[in-house]
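A.B. asks: There's a structure below that I have some questions on.
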Amino acid sequence: MSAVAMEQRKKIHPHKFTLWVGIGSLLMMFAGLTSAYIVKRNLANWQTYDLPWFFWISTVAILLSSVTIYMAEKKFKQRDMKKYRGLLLVTVILGVLFITFQVLGFLQLWEKQVTLTANVSYSFMYVIVSLHAAHVLGGLIALIVLYAKAFGTKIRVYNSVPVELVSTYWHFVDVLWIYLLIFLILIR
Amino acid sequence: MSSVATVQHAGVHEVHHEHHHHETFISKYVFSQDHKMISKQFLVTGIIWAIIGGLFSVIFRLQLGFPDTTFPWLEDLLGHWAAGGKLKPDFYYALVTMHGTILVFFVLTAGLSGTFANYLIPLQIGARDMASPMLNMLSYWFFFLASIIMFASLFVQTGPASGGWTIYPPLSALGDASTGSVVGMDYWLVSMAMFIVSSLLGGLNYITTILSMRTKGMSMTRLPLTVWALLFTAILGVLSFPVLFSGVILLLFDRNLGTSFYLSDIVIAGKILPNEGGSAILFQHLFWFLGHPEVYIIALPAMGISSEIISVNSRKPIFGYMAMVGSLFAICTLAFLVWAHHMFVTGMNPFLGSVFVLLTLLIAVPSAIKVFNWLTTLWRGNIRFTPGMLFSIGFVSLFISGGLTGIFLGNSALDLHLHDTYFVIAHFHIVMGVASIFGMLAGIYHWFPKMFGRYMNNTLAYIHFWVTIVGAYLIFWPMHYEGLAGMPRRYYDYSGWNSFKMFAGLNEFISFVVIIVFAVQLLFVFNFFYSMYKGRKVTNQNPWQSNTLEWTAPIHPGHGNWPGEIPEVYRGAYEYSKDGKEYIPQNVPVGDEETKGH
């Protein structure tokens with residue numbers, strides 16, 4: 001049956017390609033929001049605020065998680081399942097920490113009267129940051145599924161595509177956060 | 001062993017199970033992952049929506065044509081929305097809004113792209129299925145969910161959304177602003193969010209499938225123009241729908257969480273709202289950044305379908321294949337750069353306006369190239385007037401008529417006068433509404449034998465065509481005059497204005513034609529469903545003697561499309577009337593004596 005497989009010429013796996021196009025699509029959504037932010041900033045009644053330091057800790061967490069998932073992917077390809085599972089778990093924990101710190105950051109802001117409805121600039125920050133967090137949450141679910149599957153007793157085929165897909169997506173939400181952070185610092 | 005060898009090739013491995021895997025009713029007809037079944041699901045759902053959307057236009061045309069008459073049966077149908085047989089103004093706006101929403105999104109986006117991208121892409125490029133059949137199935141079911149939510153909104157007590165299909169805030173953002181904005185608008189927004197997810201999942205799949213799953217020999221320059229058009233459509237959707245999504249999210253926040261993205265300094269019934277700092281124009285930018293590409297999301301598949309059908313039925317190669325691809329690309333690019341031509345009257349900087357005028361008028365160039373190529377393909381062809389061919393030619397006719405008025409509207413100086421008048425209604429209904437419906441109908445008539453293994457009835461099809469094309473012109477042509485005379489759109493009753501009293505007879509005439517044209521569409525629906533079960537059976541694998549790969553598959557292709565190997569491709573899709581042969585399918589190897597391709 002491999003003849004059927006051979007008929008489909010390809011350089012990049014279709015699912016990976018789909019993911020990249022999907023990432024392009026997600027980028028357009030955030031581009032839409034950040035453009036709206038820039039347009040709005042030039043109008044009246046735009047207030048600035050300082051980002052909470054919890055956001056900085058969460059940045060460290062997500063940056064580290066990118067490193068751990070990169071290493072996990074490498075271990076998977078070396079068939080080192082034990083280390084692979086360990087690194088995946090660390091990635092999941094770092095992801096959960098990221099979300100937790102984001103929430104703590106929101107609470108910190110709220111205490112300083114930077115609330116959702118007080119000013120449009122605050123509203124934008126809440127929408128953009130929580131929309132990003134929702135995408136991290138999606139990635140976390142994928143990571144947990146991957147982690148559960150890593151305990152499969154008999155692995156006959158080492159198919160690295162799912163791992164690579166989740167890893168690519170995870171790097172994407174990481175880079176997206178860095179972009180959003182820089183954006184929120186520079187353009188205010 | 002086979003599972004090990006193919007596990008890397010997602011989307012293909014299902015094929016191996018087809019012989020020893022029993023399909024239940026649920027897995028075959030409901031949660032099917034076969035692109036052909038998903039296509040039919042999109043088509044049937046689209047047809048149901050088209051009937052609903054069309055019926056709405058009949059009802060609001062009754063109000064416009066006969067503002068002083070009461071129709072007691074309307075009360076039976078609509079209850080308190082038409083108390084005493086007269087449509088309530090609030091519900092009139094809801095009908096207009098839902099008509100636009102349904103036709104633009106549910107029929108001409110999901111119904112058109114969903115049907116033909118799903119059906120034609122794998123069959124015409126030589127693939128067993130989509131890159132991800134699972135995502136493809138989800139795409140349909142998100143559309144179904146969006147449909148259910150939108151349908152449910154028709155039954156809420158305060159009525160469905162009524163702020164126009166463009167849902168501009170502040171009207172759409174404030175429940176106090178109109179009855180349709182109370183909860184109907186929330187249904188609309190949630191439904192649209194589901195719809196966007198559906199259209200993104202579909203689009204990702206179409207792009208990936210076309211770029212990475214073509215059969216051996218199927219280079220990009222050998223692709224049928226349908227596939228090219230569907231590729232550009234998917235790219236437009238994937239890049240523009242997310243921006244609408246962000247606009248929809250902000251609107252949901254404004255509606256339900258008290259933010260002020262779009263709202264500022266608003267007084268309703270003497271009450272000053274606390275919202276400040278928002279900008280309603282911001283929404284228009286976000287909306288039209290999708291809204292304009294959306295026009296081409298609707299039009300491009302119709303262009304691709306017509307190109308294919310016109311070439312097949314003229315028995316001639318498509319004139320200027322590369323120019324056709326290039327013009328599709330140009331339209332796709334320009335589609336992202338013209339959105340503000342919908343906003344000339346928002347008080348934008350006139351210099352900015354003139355930039356958008358220039359970019360808008362530039363679209364006339366690729367459009368003219370396409371029209372020229374369609375006409376030159378027809379020129380001295382050996383034309384077969386099949387129903388599909390008639391609708392394709394009808395598409396070209398409507399595209400020319402509607403395109404020309406676009407040149408008027410693209411001009412900001414003229415647009416100041418014509419904006420929000422019936423001239424605009426006439427323009428976009430002809431150029432993207434009816435024209436794309438024609439493309440869709442052409443596709444249905446042409447590919448029906450492939451989809452269902454039976455033919456549709458030709459006599460009914462010819463009646464359908466002639467009444468529809470004559471009717472479409474009779475409905476929309478007079479609207480140009482009304483618009484030039486300043487008759488604004490979205491009014492409930494024009495009889496109260498002296499300036500528009502002279503159009504009372506014309507409005508009555510238009511409404512009369514609308515009823516006839518709608519009745520003939522029901523004839524089509526009958527033909528469609530009747531032929532599905534009772535139509536003449538297809539006995540010839542390639543009834544139109546066409547070159548493309550879908551006609552090399554069995555009359556009733558199973559899941560996986562070709563029982564044996566996927567055919568290999570040796571030539572372009574349009575080698576008609578070459579070397580004394582009427583047609584040479586793409587899977588025929590190049591002979592020694594053969595002249596170079598067209």
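A.B. asks: Would a scan of the stretch B:363-380 turn up a residue that is charged (D, E, K, R), surrounded by fewer than 22 Cβ atoms within 10 Å (Cβ to Cβ) and out of contact with any Lys or Arg (no Cβ under 6 Å at 6 or more places or on another chain)?
C.D. replies: Residues of the stretch B:363-380 that are charged (D, E, K, R), as a first pass: B:370, B:380.
Adding the requirement that they be surrounded by fewer than 22 Cβ atoms within 10 Å (Cβ to Cβ) leaves B:380.
Restricting the remaining residues to those that are out of contact with any Lys or Arg (no Cβ under 6 Å at 6 or more places or on another chain) gives B:380.
Scanning the stretch B:363-380 turns up at least one residue that is charged (D, E, K, R), surrounded by fewer than 22 Cβ atoms within 10 Å (Cβ to Cβ) and out of contact with any Lys or Arg (no Cβ under 6 Å at 6 or more places or on another chain).
A.B. asks: Moving on to the next point. Restricting to the stretch B:234-281, count the residues that are of a type outside the set (A, V, I, L, M), assigned to a loop (DSSP other than H, G, I, E, B) and more than 7 Å from every other protein chain (Cβ to nearest Cβ). Step through it out loud before you land on a result.
C.D. replies: Of the stretch B:234-281, the ones of a type outside the set (A, V, I, L, M) are B:237, B:240-242, B:245-247, B:253-256, B:258-262, B:264-265, B:270-271, B:274-279.
Restricting the remaining residues to those that are assigned to a loop (DSSP other than H, G, I, E, B) gives B:258-262, B:264-265, B:270, B:274-279.
Those left that are additionally more than 7 Å from every other protein chain (Cβ to nearest Cβ): B:262, B:264-265, B:270, B:274-275.
Residues flagged as of a type outside the set (A, V, I, L, M), assigned to a loop (DSSP other than H, G, I, E, B) and more than 7 Å from every other protein chain (Cβ to nearest Cβ) within the stretch B:234-281 amount to 6.
A.B. asks: Might you check whether a residue that is touching a residue at least 40 places away in the same chain (Cβ under 8 Å), under 19 Å from the mean Cα position of the chain (by Cα) and in a loop (DSSP other than H, G, I, E, B) occurs anywhere in the stretch B:155-165?
C.D. replies: Within the stretch B:155-165, one or more residues are touching a residue at least 40 places away in the same chain (Cβ under 8 Å), under 19 Å from the mean Cα position of the chain (by Cα) and in a loop (DSSP other than H, G, I, E, B).
A.B. asks: For the stretch A:143-153, state whether one or more residues are small (G, A, S), in contact (Cβ under 8 Å) with a residue 12 or more places away in the chain and assigned to a helix (DSSP H, G or I).
C.D. replies: At the first step, the residues of the stretch A:143-153 found to be small (G, A, S) are A:148, A:150, A:152.
Within this subset, residues satisfying the condition of being in contact (Cβ under 8 Å) with a residue 12 or more places away in the chain are A:150.
Subsequent filtering for residues that are assigned to a helix (DSSP H, G or I) retains none.
No, the stretch A:143-153 contains no residue that is small (G, A, S), in contact (Cβ under 8 Å) with a residue 12 or more places away in the chain and assigned to a helix (DSSP H, G or I).
A.B. asks: Residues that are over 26 Å from B:A161 (Cβ atoms), among the aliphatic types (A, V, I, L, M) and in a helix (DSSP H, G or I): does the stretch B:216-226 have at least one? Before the answer, list the steps.
C.D. replies: Going through the stretch B:216-226, the residues over 26 Å from B:A161 (Cβ atoms) turn out to be B:216-226.
From what is left, the residues that are among the aliphatic types (A, V, I, L, M) are B:218, B:220, B:223, B:225.
This time we only want the ones that are in a helix (DSSP H, G or I), so: B:220, B:225.
Looking through the stretch B:216-226, at least one residue is over 26 Å from B:A161 (Cβ atoms), among the aliphatic types (A, V, I, L, M) and in a helix (DSSP H, G or I).
A.B. asks: Are there any pairs, at least 6 apart or on different chains, whose C-beta atoms fall under 9 Å, with the first in the stretch B:242-263 and at positive phi and free of Cβ contacts under 8 Å to residues at least 24 places away in the same chain and the second surrounded by fewer than 24 Cβ atoms within 10 Å (Cβ to Cβ) and part of a loop (DSSP other than H, G, I, E, B), and if so, which?
C.D. replies: Close Cβ pairs (under 9 Å, with a partner that is surrounded by fewer than 24 Cβ atoms within 10 Å (Cβ to Cβ) and part of a loop (DSSP other than H, G, I, E, B)) amount to B:G258/A:L116; B:G258/A:T117; B:G258/B:P274; B:G258/B:N275.
A.B. asks: Also, quick follow-up: Can you tell which of B:L55, B:L87 is surrounded by fewer than 18 Cβ atoms within 10 Å (Cβ to Cβ) and closer than 20 Å to B:G180 by Cα?
C.D. replies: On the way: B:L87 fails: surrounded by fewer than 18 Cβ atoms within 10 Å (Cβ to Cβ).
Just one listed residue meets the conditions, B:L55.
A.B. asks: Oh, and also: Select from the stretch A:131-141 the residues that are in contact (Cβ under 8 Å) with a residue 24 or more places away in the chain and away from every other protein chain (no Cβ under 14 Å) and write down the one among them that is surrounded by the most Cβ atoms within 10 Å (Cβ to Cβ).
C.D. replies: A:G139
A.B. asks: Of the residues B:M130, B:M134, B:M194, which is within 19 Å of A:G22 (Cα to Cα), out of contact with any helix residue (DSSP H, G or I) (no Cβ under 6 Å at 6 or more places or on another chain) and aliphatic (A, V, I, L, M)? Quick ask: steps written out before the conclusion?
C.D. replies: On the way: B:M130 fails: out of contact with any helix residue (DSSP H, G or I) (no Cβ under 6 Å at 6 or more places or on another chain); B:M194 fails: out of contact with any helix residue (DSSP H, G or I) (no Cβ under 6 Å at 6 or more places or on another chain).
The match here is B:M134.
A.B. asks: Take A:T153 and tell me if it is within 14 Å of another protein chain (Cβ to nearest Cβ) and modelled with pLDDT under 95. Even if it seems obvious, please write down each step before you answer.
C.D. replies: On the way: within 14 Å of another protein chain (Cβ to nearest Cβ): no; modelled with pLDDT under 95: yes.
No, not satisfied.
Residues are listed down the side, and each one gets a yes or a no for (1) modelled with pLDDT of 95 or more; (2) polar (S, T, N, Q):
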residue	(1), (2)
B:S531	yes, yes
B:L549	yes, no
B:G558	no, no
B:P563	no, no
B:S577	no, yes
B:E582	no, no
B:V588	no, no
B:K596	no, no
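A.B. asks: Just for helices (runs of 4 or more DSSP H) wholly inside the stretch A:1-113: which have at least 3 residues that are within 14 Å of chain B (Cβ to nearest Cβ) and surrounded by 19 or more Cβ atoms within 10 Å (Cβ to Cβ)? Quick ask: steps written out before the conclusion?
C.D. replies: On the way: elements: A:2-7, A:14-41, A:53-77, A:81-111.
The qualifying helices (runs of 4 or more DSSP H) are A:14-41.
A.B. asks: Continuing with this model, one more query. May I ask you to say which residue of B:A50, B:A117 is closer than 21 Å to B:L522 by Cβ, touching a residue at least 40 places away in the same chain (Cβ under 8 Å) and buried (at least 19 other Cβ atoms within 10 Å of the Cβ)?
C.D. replies: Just one listed residue meets the conditions, B:A50.
A.B. asks: Scan the stretch A:119-130 for residues that are touching a residue at least 40 places away in the same chain (Cβ under 8 Å) and either in a helix (DSSP H, G or I) or surrounded by fewer than 16 Cβ atoms within 10 Å (Cβ to Cβ) (or both) and jot them down. Walk me through it before giving the result.
C.D. replies: Filtering the stretch A:119-130 for residues touching a residue at least 40 places away in the same chain (Cβ under 8 Å) gives A:119-122, A:124-125, A:127-129.
Selection gives A:V120, A:S121, A:Y122, A:F124, A:M125, A:V127, A:I128, A:V129.
A.B. asks: Does B:F465 meet the test of being under 25 Å from the mean Cα position of the chain (by Cα), surrounded by 19 or more Cβ atoms within 10 Å (Cβ to Cβ) and assigned to a helix (DSSP H, G or I)?
C.D. replies: Judged against the criteria, B:F465 is a match.
A.B. asks: Quick one: B:R490 ticks every box in (1) surrounded by fewer than 20 Cβ atoms within 10 Å (Cβ to Cβ); (2) assigned to a loop (DSSP other than H, G, I, E, B); (3) in contact with a helix residue (DSSP H, G or I) (Cβ under 6 Å, 6 or more places away or on another chain) except a single one, so which number is it?
C.D. replies: (3)
A.B. asks: Restricting attention to the stretch B:563-598, report how many residues are within 14 Å of another protein chain (Cβ to nearest Cβ) and touching a residue at least 12 places away in the same chain (Cβ under 8 Å).
C.D. replies: 5
A.B. asks: Within the stretch B:427-441, identify whether any single residue is surrounded by fewer than 24 Cβ atoms within 10 Å (Cβ to Cβ), closer than 29 Å to B:H292 by Cα and without any contact (Cβ under 8 Å) to a residue 60 or more places away in the chain, and answer yes or no.
C.D. replies: yes
A.B. asks: Sort out which residues of the stretch B:522-545 are in contact with a His (Cβ under 9 Å, 6 or more places away or on another chain) and surrounded by 20 or more Cβ atoms within 10 Å (Cβ to Cβ), and write them in order of number.
C.D. replies: B:F524, B:N527, B:W544 - these are the residues of the stretch B:522-545 that are in contact with a His (Cβ under 9 Å, 6 or more places away or on another chain) and surrounded by 20 or more Cβ atoms within 10 Å (Cβ to Cβ).
The values are calculated or read from the model by the stated rules, or taken from the named source; none is laboratory data. This is a predicted model, so every value here is computed, not measured. With ideal geometry, Cβ positions are generated from the backbone for all residues, glycine too; neighbour counts draw on all protein chains shown.
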